[in-house]
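Chemist: Just passing along the structure, written as structure tokens.
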Amino acid sequence: MLGWAIMFFVIAIIAALLGFTGIAGAAAGIAQILFVIFLILFVVFLVMGKRPPA
């Protein structure tokens, strides 16, 4: 999931540099949501003492 968040962040950066502000905003929003989900799942697995799936 972290890989997907990084990929959308890179897409947002490239789109912003090329002037596609709508696509950049959408990609940044998706990246932010995925990153938050990743953090929540990471903390849950950390508290439960289990290793997260690869």
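Chemist: Any residue in region 4-21 that's over 13 Å from I33 (Cα atoms): show its pairings with residues that are assigned to a helix (DSSP H, G or I) and of a type outside the set (A, V, I, L, M, F, W, C) at Cβ separation under 8 Å, as long as the two are six or more apart or on different chains.
Modeler: Correct list of pairs: A12/G25; A15/T21.
Chemist: With the structure loaded, tell me whether F35 is surrounded by 14 or more Cβ atoms within 10 Å (Cβ to Cβ), in a helix (DSSP H, G or I), out of contact with any Leu (no Cβ under 6 Å at 6 or more places or on another chain) and modelled with pLDDT of 90 or more or whether it fails that test. Steps first, please.
Modeler: Numbers: surrounded by 14 or more Cβ atoms within 10 Å (Cβ to Cβ): yes; in a helix (DSSP H, G or I): yes; out of contact with any Leu (no Cβ under 6 Å at 6 or more places or on another chain): yes; modelled with pLDDT of 90 or more: yes.
Yes.
The values are calculated or read from the model by the stated rules, or taken from the named source; none is laboratory data. In this text, all values refer to a predicted model and were calculated from it rather than measured experimentally. A quick note on method: Cβ atoms are made from the backbone with ideal geometry, for glycine too, and the neighbour counts reach across all protein chains shown.
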